[in-house]
Structure formats: C-alpha cells, structure tokens
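So the structure is just underneath, and the comments pick up after that.
The values are calculated or read from the model by the stated rules, or taken from the named source; none is laboratory data. As the structure is a computational prediction, the values presented were derived from the model and not from experiment. Methodologically, a virtual Cβ is constructed for each residue, glycine included, from the backbone with ideal geometry; neighbour enumeration extends over all protein chains shown.
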Amino acid sequence: MQTHILGYPRIGSHRELKKACEQYWSGKISLDELHQTGAELRKNNWLIQQEAGIDLIPSNDFSFYDQVLDMSLTLKAIPARYAPLLGKSDNSIPDLYFAMARGYQRDGLDLTAMEMTKWFDTNYHYIVPEFTKDQKFELFSTKAVDEFLEAKDAGILTKPVLLGPVSYLLLGKEKETGFHRLDLIDRLLPVYFKLLEKLQENGAVWVQLDEPFLTLDLSHREKEVYHRVYHELREAFPALKFLLATYFEGLGGNLDLAISLPVCALHIDLVRAPGQLNQILKKAPENLSISLGLVDGRNIWKNDYEATLKEINRAIKTLGSARVLLAPSCSLLHVPCDLDLEPETNALTPEIKNWLAFAKQKLDEITTLKNLVESKDEEAVSGMRKLQANIDSIKSRRESKRIHKTQVKQRTAAISIQDALRNEAFSIRRTKQHKALKLPLFPTTTIGSFPQTKEVRSWRAQFKKDNLTAADYENLLLEETEHCIRWQEEIDLDVLVHGEFERNDMVEYFGEQLDGFAFTRLGWVQSYGSRCVKPPIIYGDVERPNPMTVKWSTYAQGLTSRIVKGMLTGPVTILQWSFVRNDQPRSETCNQIALAIRDEVLDLEKAGIRIIQIDEPALREGLPLRKAEWDAYLKWAVNAFCLSAAGVREETQIHTHMCYSEFNDIIEHIAAMDADVITIECSRSQMELLDAFAEFNYPNEIGPGVYDIHAPRVPAKEEMLALMEKARQVIPDKQLWVNPDCGLKTRGWEETRKALKAMVEAAKTLREKS
Ligand code: GLN
Ligand code: ZN
C-alpha cells in the first residue's frame, strides 16, 4: 500500500506566503525575494512530507495565488484586456499573473481583475477562467515542469498535480454567447498533451489529475466528454500513471463512469461519502487502484485509527495491498499547517489540543496507519503505542464532560415546531410594528458595522498585549460608539446601529463568548490569494453563559431617542465559518447555536431593543454540492434561523442580512425565514436580484443595497435614487428600505460620511415623490 497526499497548505505555518506577496505588491521586496520565499516554502513542504514518510509527494500544489489561475496561465487562457502586460518586461509573468488576480492600475493602464468565486463547498476562492468563442490555448507557463524539476533536484520524485482538463473548462465561464465552454475541449487537449509530454520527458511517473466535477451532477454531454478525454489521454500516454482525484462528495451516479476511465488509480473521498467504498470494491476493474481518502482534509479532528483500519483492511482484502493507496480525503489546503506550533492557552487547552490534527499531523496519521496495516516488525512497537494513544484520545473526546452537556442536549431534543414560528403572521406583525416603531416610508438604516479605523484596531491590539486595561479599552469603545450614534442622528438616519467597534470578527466575537468554542493562534487557512482566515473550532455542546451584546446595544440605545438596532450573527453563519464537530450532525450543532442566539435575542428585547438584526451571509454557502440534497439542508438551516428569531413579541422587528447571494433558486426558503426585513447586496447587480423576490410576491420588507461598500468610491445621490426607482418598479413602496450593500467596517470615515448623507437625501427625495 502506498501513501500520498493530494496537496499541502502553501501559505506556510506563519503565513510567510501572505507576507511575501503583500510585500512584493507594495514594492517592499523584489521579485527575486518573492521567488525565494516560494522556493523555500515548497522545499520545506516536500521535506516535511519526506520526513513523515509519505510515498508519493505532490508538486505543483504550490501557488502564489490560486491553482486555477496557475492553470489559466499555463494554458495561456489570458483574457484580451491583459495583452499590454504580455511580455512587457522580465516581470511580465508575475505582473500579468497578479494583474489577472487583483487588477492592475499603473502606467496609465486600468485593468479589472478576473472574477473570483468559491471553490466547491469550501471557503477557498478561485479565479474563474474566462473563455471566448475563438479561445486558443498554448503552453505558456511551465510551472508544473519547473516545480517537478525543482523537487527532483532536491532528491524527491514528485507526483505533479494538475487540474484535469474537464474540470478546468467546467470551472470557467463563457464571456460571449454562441458556444459552450466544453466545445473548447479539442483545442485544449493538445496543450495538456504537450505539458504531460514535458513532465514525462523529465522523469515523471505519476501524474495527479484533479476532477472534482465527478462528484457533482453531470449532464449526458459532460459524461461523454469525460469518457472521450480520458481515453485519449491513455492512448497518448500509455506509460504515465494517472491518478484521477475526486473529492468533496461521493461519485454517486457518476460511479460507473469514474471507474470505467482508463487511469491507474482513482481517489475517492471516504470522509464525505464513506458509503461509496462498498460499490467501488464491488465494481472496480482489475487494473484500477483505489486511493482511499480516509483522513479528513476538510476538518481538524484526529483520525479514529480503529475505524479507519477496518476500512483499509476491507479494501485490501478485496483489492490486494498493491492496488490500495491511502490519503487524506482532499488537499490539505483546507486545514491549518501545524498543531505543534499552537501554544496551550485557555482558548485551546491541552485536553482539546489532544483531539486535533492539522496538516502536518495528518501526514503522520497517514504513515502511522500504513505501518499499522503492514505491521512491519521494526515499527510494530511504536505503532502499537501510537494506536493505543489514538484510542485513548478518541475515547477521551467521546466521553468528555467539556463536550457533552446533558442540559444542552435535552434542550435541543425538546425543540418544537412552534419554537420556530412567530406568534402571528407577517401581515399582523407588520401593523403592530408600524404602530410601535413609527418609521417613515423608505426607512433608512445601515448593515451594522461602521469603519474599523486604525485607531480602533490599535486599541484592540494594545488591549490584547496588556498595554491597555480592560476599562480603558472599553471606555474608548464606548466613546467611539457615542460618536457614531451622534453622527447618525445628525445625518438623520432612521434606524441606528451601535457600530460594532468592539468586534474583531462577526463569528469570532460570538464564539469567544459561547461555551463549546476553541481558538487557535496560528490556525490560518487560505481563503483567497493572500487572504487567510482563522476559523474557530466548535468542539462541544454550545451554550451561552452570559449575554453577549446587551451591554453595547443598551448603551447605544440609552444615548438616543431614535431606534437602535441590535446586531447578531446568525447560527448558520457561525456554523459555516467554523471548524465543526464531526461527532454529531451539523444540524444539531446549528440548533444548539440557534438556541444560544435565541436567548440573546430575548435578552435584547427585554432590555428594550425593538429591532434586532440576525445576519446570515453564509446561508447560501452551506448548500450541498448535489441539488438533491439542497432541500434537506435548507430546511434545517432556515429552521435554525427561525429558532433564533421567533421567540420575540409581534412588535419586535427582526431583520436579517445576506450579502453575495443569489436568491432565485432558494427564494421560497428565504421567504420561510420570515424575517420582517431582509437587507441584501444589490447595487452591483443593478437591483436584478430583486426580480426573484418580485416574481415570488415576497410579502415581507426588503432593503436592497443602494451602494457598493467594497470600494472607497462615493456614489452620487442621483445614482442611488435611480437604483431605488428600479426597485420600486418591482417591489411596492411600503415594503422598501434604503441601506448600503453591507457593513462599513472596511471603509474609511470620509467616504462613509459622504455616501450615507447622500443616501439619506435620496430616501427623502423618494418620500416627496411618492
Ligand atoms: N453586521 C455585519 C457588519 O455590518 C454584517 C457583515 C456581513 O454581512 N458580512 O459588518
Ligand atoms: Zn453583508
């Protein structure tokens, strides 16, 4: 049995890649220095794997920005607007490359970046390839070959990783009409052939082709293309060993197709879809090896050796050990680098740490499992010791009192249908709310956060370093909140917010105050390019020991006679942006969080807060990869939101907020959330997102964002008016609110002031007109 991995985190355990890229972008280091950092990171990763004893070590899993963008550059799928940067100077490749990723404003050029979107159901974002009808491909960058040779020089014969040709096309977008991107396959394949030829010439034996689309619903045409492409590849390269990698889901209806493709090995995700092993073992043709993805590449929990060994042995019994490979379920890109670097803190106790494994630890899990299966004499003793330690740690997690809390489990078990329903229908609540809140037509509000200035962030940093006392820190925040309230009064906003200055992050802030969450110091994961996130770890039953936001909201409300909106993050978003438990269904964890938020909502209401917003920007992100499973997910996700919201009186107005979302295919579920008001990101789509609401006859109130908060640009009043006029064409006036697209925390005060003033003016003009 051979061990391998599909990919290793490239950011470095101290985010070296992020730092180097950002320094290069701001001109602080040279291109040579950037390349130097890249080379060091790659070498380091290879050596870590070699030391751990991994048999097939990948190369070309490194990237300065994104592996899909790398592939576009390799294939010269470079949109025409970047032509001025082609061959411009020595720096052309990195400048061109980063221009495609981030846009380019220099030397009189103003080139927009390529679009970025989520990588399947992960929080990683890739750069979407752009295709034209007469798209040509050509071998442009030899990164895959160069990195293979680089490893070879270091004495390691790697398995180059390439995004497979079918998935590459499917990940892209047609930029004109009149063709389908799959039509390009015959122009694309010759370039893949050239690349593979070069790899083979240079000594590559194995090549990993990632085809994650094999785990999605495929059309007849797509299946046909898969069949044809892989037969052509086999014919052209009879000697290369292709490992076809699938992940994030089971093969489902594509199973027969996948095992019929003439490759040497097929990798399957047995963490997401353990059930598919039976079918695979029954059906795998004799010349196909199976790579068992049994160590979770998407989560940070220690592997359960006893359970995994059973699966490995089952596979070996049917296939023979020569036809079995062992691997993580997917690339380790999605987990942090190294648990050993984590200090033991109150936020990550030794007990919790003992339940976890990050990328480096997962390598060790893979090789330990192999040794245990092969029970080689010299490793037998240490292997048995490791197995026992693993059994103990799995048991300690299963039985820990820190995890399992009877009162929490009893409470979720007792949830009734009623708990997720408001007492009255929206039409009745609406009348009561209007009477109680006395808001004008087209009420104005914001999404919650106001600028997190350098000062605000420096207070927090100083407070964390103990350079600022808790009382001083708090006073500064209270002052900032007061300024914010005064300013909102001054410009005459209708529904105010306290500004969220006390929050580091909309999930972390709540996680830190809830039981059942742990936090790392260095647990960074790449989100896109140089942006990394540090998701909290939900390890145990979730409970809210104390109110979390009541103090801030009541303080702000106490300052003004206008209504201040309470601001919470919703249960689905908290779940979605954390590493979650694998010992109970996600829906159960979500319900626990929902009840904690529900308690907070009720405490806010009791304290006199009359409008409460529960943000759910990540609701759509949680959608399963296969459509057949959407309904089940949306039911529990929407129900969790409702559970958090529905305990209030009719007069209390519940808002929700969702950004970067499309609504047409999930509109009935959005309606089932039954929020009194939903604010959405809308300005960049020119209000088109409202059509879904209009067609559905969505009855509740809506605040379509009237300006884009992602850039410092200040929109004119007329521009916002025009957008609202578009909104009025499809949604009745009495349902409409006026607000920005999203929170303002990344903006500066100057542009915020101008933009919001103009927004309030726009709303006033609207009122006069109607
Ligand atoms: N209330 C949050 C804020 O304004 C919402 C952020 C978001 O939607 N991502 O920052
Ligand atoms: Zn938002």
### Message
Can you list residue pairs whose Cβ atoms sit under 6 Å apart, with the first residue in region 616-629 being over 15 Å from ALA675 (Cβ atoms) and the second being part of a helix (DSSP H, G or I) and within 11 Å of ligand 1 (Cβ to nearest atom)? Count only pairs 6 or more apart in sequence or on different chains.
### Response
ALA618/THR573
### Pairs with Cβ under 7 Å, 6+ apart, first in region 142-159 and closer than 13 Å to LEU47 by Cβ, second hydroxyl-bearing (Ser, Thr, Tyr) and surrounded by 15 or more Cβ atoms within 10 Å (Cβ to Cβ)
ALA151/SER59; ALA151/THR158; THR158/SER59
### Test: residue in region 490-510 that is surrounded by 22 or more Cβ atoms within 10 Å (Cβ to Cβ), of a type outside the set (Lys, Arg) and in a helix (DSSP H, G or I)
yes
### Query
So, of the residues in region 151-177 that are in a helix (DSSP H, G or I) and hydroxyl-bearing (Ser, Thr, Tyr), which turns out to be surrounded by the most Cβ atoms within 10 Å (Cβ to Cβ)?
TYR168
### Message
Restricting to region 405-434, name every residue that is outside any loop (DSSP other than H, G, I, E, B) and among the basic types (Lys, Arg).
### Response
LYS409, ARG411, ARG429, ARG430, LYS432
### Message
Every residue in region 681-704 that is under 19 Å from ARG620 (Cα atoms) and free of Cβ contacts under 8 Å to residues at least 40 places away in the same chain, please.
### Response
SER685, GLU688, LEU689, ASP691, ALA692, PHE693, PHE696, TYR698, ILE702, PRO704
### Task
Kindly establish whether SER449 is away from ligand 1 (no atom under 16 Å from the Cβ) and within 30 Å of the chain's Cα centre (by Cα).
no
### Task
Identify all residues within region 511-537 that are surrounded by 21 or more Cβ atoms within 10 Å (Cβ to Cβ), more than 16 Å from ligand 1 (Cβ to nearest atom) and more than 16 Å from the chain's Cα centre (by Cα); write none if there are none.
LEU514, GLY516, PHE517, ALA518, THR520
### Query
Can you find a residue in region 679-696 that is surrounded by fewer than 23 Cβ atoms within 10 Å (Cβ to Cβ), touching a helix residue (DSSP H, G or I) at 6+ places or on another chain (Cβ under 7 Å), under 30 Å from ARG503 (Cα atoms) and among the small types (Gly, Ala, Ser)?
yes
### Query
Which number in (1) free of Cβ contacts under 8 Å to residues at least 24 places away in the same chain; (2) part of a helix (DSSP H, G or I) marks the one condition that CYS21 misses?
(1)
### Task
Spot the failing condition for MET548; the list is (1) in a loop (DSSP other than H, G, I, E, B); (2) more than 31 Å from the chain's Cα centre (by Cα); (3) crowded, with 16+ Cβ neighbours inside 10 Å; (4) touching a residue at least 12 places away in the same chain (Cβ under 8 Å), and only one is missed.
(2)
### Query
Of the residues that make up region 659-666, is at least one touching a residue at least 40 places away in the same chain (Cβ under 8 Å), surrounded by fewer than 21 Cβ atoms within 10 Å (Cβ to Cβ), on the phi > 0 side of the Ramachandran plot and within 16 Å of ligand 1 (Cβ to nearest atom)?
yes
### Summary
When region 202-232 is checked residue by residue, the ones that are over 23 Å from SER329 (Cα atoms), touching a Pro at 6+ places or on another chain (Cβ under 8 Å) and surrounded by 15 or more Cβ atoms within 10 Å (Cβ to Cβ) are ALA204, VAL229
### Query
From the list ILE316, ILE280, which one is buried (at least 22 other Cβ atoms within 10 Å of the Cβ), touching a residue at least 12 places away in the same chain (Cβ under 8 Å), over 25 Å from TYR528 (Cα atoms) and of a type in the set (Val, Ile, Thr)?
ILE280
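Residues are listed down the side, and each one gets a yes or a no for (1) within 16 Å of ligand 2 (Cβ to nearest atom); (2) surrounded by fewer than 13 Cβ atoms within 10 Å (Cβ to Cβ); (3) over 28 Å from GLU751 (Cα atoms):
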residue	(1), (2), (3)
THR406	no, yes, yes
LYS409	no, no, yes
ALA414	no, yes, yes
LYS438	no, yes, yes
PRO451	yes, no, no
GLU455	no, yes, no
LYS465	no, yes, yes
### Task
Select from region 74-125 the residues that are within 26 Å of the chain's Cα centre (by Cα) and either on the phi > 0 side of the Ramachandran plot or among the basic types (Lys, Arg) (or both) and list them in ascending order.
ARG102, GLY103, LYS118, PHE120
### Query
Based on what the data block shows, is LYS194 in contact with a Leu (Cβ under 6 Å, 6 or more places away or on another chain) and either modelled with pLDDT under 95 or in a helix (DSSP H, G or I) (or both)?
yes
### Task
Looking only at region 263-278, decide whether some residue is among the basic types (Lys, Arg) and out of contact with any strand residue (DSSP E or B) (no Cβ under 6 Å at 6 or more places or on another chain).
yes
